[in-house]
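FYI, it's all coordinate maths here, none of it is from the lab. Model, not experiment: these values are computed from the prediction. All Cβ positions, even for glycine, are placed from backbone atoms using ideal geometry, and neighbour counts span all protein chains on display.
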Amino acid sequence: MRKEEEIPRALFWDSDATRLDLQENKQYIIERTLELGDEKALRWLFSNYLRSDIREALGKSRNISRKSSRYWTLVLGI
């Protein structure tokens, strides 16, 4: 696991960010960041995950709103 300080903690107010693992919790982290993240959090997301991982998480997600899903589908070219 990378240092938890790197994870945008403000997005995970309901979780213990120190226990999040970038690989084990990949789906959860990507969903939450795509749905609620600001510009800084999104830069962090795209620097820590491959676009293919983000596309895959978006395709499997049931937790991202329809509006956000449509936006990211356009942005990621899915």
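Worth pointing out:
- Structural descriptor for the chain: relative contact order 29 percent, calculated from alpha carbon pairs under 8 angstrom and at least 6 residues apart.
- Eligible aspartates and glutamates near LYS67 by straight Cα distance, threshold 18 Å, same-chain separation 8 or greater: GLU31, GLU35, ASP38, GLU39, GLU56
- Rg/Rh (Cα only; Kirkwood hydrodynamic radius) as it applies to the chain: 0.93
- Residue exposure proxy: GLU31, GLU39, ordered by other Cβ atoms within 10 angstrom of their Cβ from fewest to most, comes out as GLU39, GLU31.
- Virtual spin-label span in nm between ASP53 and ALA17, 7 Å along Cα→Cβ: 1.8
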